[in-house]
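Below: the structure, in structure tokens.
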Amino acid sequence: MELLKVIKERKSIRAFKPDIIPKETVEEILTLAANAPSAINLQPWELYVVMGDEKARLSRRLLKAYREKKISCSPGNVKPLAEQFSKRGVASFELMNPYLEKIGQDFNVFINEGSCNFYGAPVAIILCLDNAFSKARLVDIGIILGYITLIAYDFGLGTCPIGLISAYEDDIKELLDIPENKDVVIGIAIGYPDWTNPINEFKTPRDSIDSFVRWID
Ligand SMILES: Cc1cc2nc3c(=O)[nH]c(=O)nc-3n(C[C@H](O)[C@H](O)[C@H](O)COP(=O)(O)O)c2cc1C
């Protein structure tokens, strides 16, 4: 598929068919994604691909942890946000609401429990970074995340980045036997989109570049 078409059409998917993704397909996607640039070509990412019964076990553990600790999806600000950012946050919640009404779901339950369950996707990818790296290397993790989402779309798959799971890092590390010195940065839900679910009709808008670009010439 044409790259620009993929970039324009990709969106986060929050309802998946239970269909299994062949392991070779995931391997191909990750092999392509490894072409992502990284500082000094360090390729600092470490990925755990969780599927089958192990994925179900991971979802159960995360849901349990969420119900006990109740840490929700949030932007995780350090300081109050500038108006344009907080407005976008509120707008994206409001835009999703009519679709949630169609499926009779409460926003908080759907987003938080849904994220812990990787929205029912058959595959969950956990992206980790060795804690010997500086936080600057999170940029590299972000780049490979972007590559994976775009390449998966080209393969007819849907994805949703799942930042919430980093709040439950200890549970994930214990369950998946991830070494102590690896930080869980983010997860990705990946699977075949359930296009019959209205939540997948939802497409977030973008502000014009005038809202974030200052030309210096
Ligand atoms: C770093 C990051 C973390 C995210 N975490 C979550 C999450 O925990 N749960 C969720 O439902 N969506 C999550 N998302 C998806 C965003 O909500 C989504 O990308 C955004 O609303 C823009 O929509 P789009 O991906 O459909 O273009 C995350 C996206 C990014 C990039």
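Points to keep in mind about this one:
- Failed condition for Leu100, given (1) part of a helix (DSSP H, G or I); (2) aliphatic (A, V, I, L, M); (3) free of Cβ contacts under 8 Å to residues at least 24 places away in the same chain; (4) closer than 30 Å to Arg206 by Cβ: (3)
- Unique match (being polar (S, T, N, Q) and at pLDDT below 95) among Ser38, Ser72: Ser72
- Between Ile178, Ile199, Ile190, the distinction of being surrounded by 11 or more Cβ atoms within 10 Å (Cβ to Cβ), under 21 Å from the mean Cα position of the chain (by Cα), touching a residue at least 40 places away in the same chain (Cβ under 8 Å) and part of a loop (DSSP other than H, G, I, E, B) belongs to Ile178 only.
- Among the criteria (1) among the small types (Gly, Ala, Ser); (2) touching an Asp or Glu at 6+ places or on another chain (Cβ under 7 Å); (3) surrounded by 16 or more Cβ atoms within 10 Å (Cβ to Cβ), the one Ala39 does not fulfil is (3).
- Test: residue in region 130-151 that is near the ligand (Cβ under 10 Å from one of its atoms), closer than 30 Å to Ser38 by Cα and in contact with a helix residue (DSSP H, G or I) (Cβ under 6 Å, 6 or more places away or on another chain): no
- Of all the listed residues (Cys116, Cys160, Cys128), the sole one being in contact (Cβ under 8 Å) with a residue 12 or more places away in the chain and within 17 Å of Leu42 (Cβ to Cβ) is Cys128.
The values are calculated or read from the model by the stated rules, or taken from the named source; none is laboratory data. Quick caveat: nothing in here was measured; it's all calculated off a predicted structure. Cβ sites come from the backbone with ideal geometry, for glycine too, and all protein chains shown count toward neighbours.
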